[in-house]
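Accompanying notes for the structure given below.
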Amino acid sequence: MSSPRIVVIGAGASGIAAATRLAKNGFSNITILEAEDRIGGRICSVEFENDIVDLGAELVREGSLVYDLVKDYDVVEPRNAAIEVYHPSLGPLPKSFVDAFVARFTDLLDRKDDGISWQEYFDENYQKCIVESFRSETEKHLAVECRKCAENLLLFHALTFPLSEGGERFGEAPLTFQWGWKTGGYRTFLDILMKDCAKFQEKIVLSSEVIKIDWQEEIKVACSNGSTYLADHVIATLPLGALKRQYRTLFQPPLPMEKAQAIELLRLQSPSQILVHFPSKWWGSNDMVFTWTEEEMDLVDFEMGPKKNGRSWVTAIIGYFVDPRYKNCLSLYNVGDMVQEMEQMDETVWLEGLHYLNQKFFARAFPNICKPTKIARFKWYSNPHFGGVIATETLESKQRGFGFKTMAEPLLDKAGGLRVLFAGDATNDSSHALVNAAVYTGFREADRIINFYKK
């Protein structure tokens, strides 16, 4: 029997995981169609100011699937950065307080039950579980002052906005992702996945956006560049944003109602990551997180760029995260309801806004601070092949039962044969990290085909 024809849509972590798993199990007739002009999907390692930087997935959690796959190659190392919290009036907050604050915050995340929104849970528990847990009045006051910091970190953990809509994710919070790449960035992981597959990259066809999957009889996959591929099975690893944009026209016959409902109800989030370059290094070895009081946010007088409810975009920035690989660069994250507008800002607005922010928070602690000169970013929201970064469930999707599990169900023919299979982080409900989820689901769908032929 000849090897079945398998088309994998997407050369991100999920698609490459699925294809390499199939190749290593004797399946040779594999084609990977990628809409972008590069592989990796949300793994986006690029050269920036003489560094290889990650504009998407960046860190690895010990014990995760990715970690287990790379740990024997000596390509990751512990990231020992602690968190420092900076207040616009008080400067750096005491380390003893910050350590206790972070521990209490992490514990608060771990104890949330399903069925209640993050906003409701946070509002009900912040005062009694964090503020009142401190003994001294000074520390209680600092905890009140750090409410905005906690809410920003919660947005980063829950990966949803607004927090009132749920945004359940499973597994460990981002604060536990404490391993970084020694060299080469996250792209190193893709190289490890592909290393034992002879001529694997020849199977990848770039700049091939799929616009139609006809799965009635012999499967036909059509691309916007005019090419067409016949297949016995398709593994679709399209990001949720791409599915939201085109699922009504992409599949023929149309998707079952349940899967269409899941695509509609799941929410797409995009915590924005920016790499910021400075003429020289002025910071230490720890991450630097901002906290704002309501009064301080109202007093911000930076006028360039978007505002929401009268408040500048600079108040949406979580802080800087240190990567020892980068000589003169810091990673910056922001979340919330201005991310899409901030993605469209001109570089000059970014540089001026960050300089304003740095002077406000860091000038006393770092007298040698200098003005940033350049940024690197990937516009995840406005790129139609992504439309965002991370899929999250909402309270409505969970209540109606149309969520990640629905997304993972394959399309079958009348005899129960596998036609179109689905992978990617929107099809997995057991991992917070999008790369772990993507790889796991790619392996899962490859194994589904492997086991189908074993029968």
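Kindly indicate the residue of the range 244-258 that is crowded, with 16+ Cβ neighbours inside 10 Å and in contact with a Lys or Arg (Cβ under 9 Å, 6 or more places away or on another chain) and also nearest to GLU209 (Cα to Cα) among those meeting that condition. My answer is LEU250. Among the residues in the range 223-230, are any β-branched (Val, Ile, Thr), under 29 Å from ALA376 (Cα atoms) and not in a helix (DSSP H, G or I)? No; the residues of the range 223-230 include none that is β-branched (Val, Ile, Thr), under 29 Å from ALA376 (Cα atoms) and not in a helix (DSSP H, G or I).
Do you know which residues across the range 103-117 are under 17 Å from ALA81 (Cα atoms) and touching a residue at least 40 places away in the same chain (Cβ under 8 Å)? Before the answer, list the steps.
We begin by selecting, within the range 103-117, every residue under 17 Å from ALA81 (Cα atoms); these are 103, 106.
Result: THR106, single match.
With respect to (1) polar (S, T, N, Q); (2) at pLDDT 95 or above; (3) under 22 Å from ARG42 (Cβ atoms); (4) surrounded by 16 or more Cβ atoms within 10 Å (Cβ to Cβ), the lone exception for GLN261 is condition (3).
Given LYS203, LYS199, which one is in contact (Cβ under 8 Å) with a residue 40 or more places away in the chain and of a type outside the set (A, V, I, L, M)? Reasoning before the result, please.
Details: LYS199 fails: in contact (Cβ under 8 Å) with a residue 40 or more places away in the chain.
Checking each option against the conditions leaves just LYS203.
Whenever a residue of the range 85-102 is under 20 Å from LYS360 (Cα atoms) and open to solvent by less than 20 Å² (accessible area, probe 1.4 Å), its partners that are assigned to a loop (DSSP other than H, G, I, E, B) and among the β-branched types (Val, Ile, Thr), lying with C-beta atoms within less than 7 angstrom and at least six residues away or across chains, give the pairs VAL85/THR291; HIS87/THR291.
Residue check: is GLU209 open to solvent by 30 Å² or more (accessible area, probe 1.4 Å), in contact with a Lys or Arg (Cβ under 9 Å, 6 or more places away or on another chain) and farther than 30 Å from PRO88 by Cβ? So that I can check it myself, show each step before the final result.
Working: open to solvent by 30 Å² or more (accessible area, probe 1.4 Å): yes; in contact with a Lys or Arg (Cβ under 9 Å, 6 or more places away or on another chain): no; farther than 30 Å from PRO88 by Cβ: yes.
No: the conditions fail for GLU209.
If only residues of the range 1-22 that are modelled with pLDDT under 95 and of a type in the set (Gly, Ala, Ser) are counted, the one that is surrounded by the most Cβ atoms within 10 Å (Cβ to Cβ) is SER3. Got at least one residue in the range 48-65 being β-branched (Val, Ile, Thr) and in contact with a Cys (Cβ under 8 Å, 6 or more places away or on another chain)? Within the range 48-65, one or more residues are β-branched (Val, Ile, Thr) and in contact with a Cys (Cβ under 8 Å, 6 or more places away or on another chain).
One residue stands out among those in the range 408-455 that are of a type in the set (Ser, Thr, Tyr) and either closer than 18 Å to GLY10 by Cα or modelled with pLDDT of 95 or more (or both): the one that is surrounded by the fewest Cβ atoms within 10 Å (Cβ to Cβ), which is TYR440.
Hey, among the residues in the range 341-355 that are open to solvent by 50 Å² or more (accessible area, probe 1.4 Å) and touching a strand residue (DSSP E or B) at 6+ places or on another chain (Cβ under 9 Å), which one's modelled with the lowest pLDDT?
Among those that are open to solvent by 50 Å² or more (accessible area, probe 1.4 Å) and touching a strand residue (DSSP E or B) at 6+ places or on another chain (Cβ under 9 Å), it is GLU341.
Could you run through the range 231-246 and say how many residues are within 22 Å of the chain's Cα centre (by Cα) and either in a loop (DSSP other than H, G, I, E, B) or of a type outside the set (A, V, I, L, M, F, W, C) (or both)?
Step one: of the range 231-246, the residues within 22 Å of the chain's Cα centre (by Cα) are 235-246.
Narrowing the set further to residues that are either in a loop (DSSP other than H, G, I, E, B) or of a type outside the set (A, V, I, L, M, F, W, C) (or both) leaves 237-239, 241, 244-246.
Qualifying residue count, the range 231-246: 7.
Summed over the range 244-293, the residues that are out of contact with any Pro (no Cβ under 9 Å at 6 or more places or on another chain), of a type in the set (Ser, Thr, Tyr) and within 30 Å of PRO410 (Cα to Cα) give a count of 2.
The values are calculated or read from the model by the stated rules, or taken from the named source; none is laboratory data. Since the model is a prediction, treat every value here as computed from it, not as a measurement. No Cβ is skipped: glycine too gets one built from the backbone with ideal geometry, and neighbour counts run over all protein chains shown. Please note that ligands, DNA and RNA were not included when accessible areas were found on the heavy atoms of the full protein model with its side chains. Shrake-Rupley method; radii C 1.70, N 1.55, O 1.52, S 1.80 Å.
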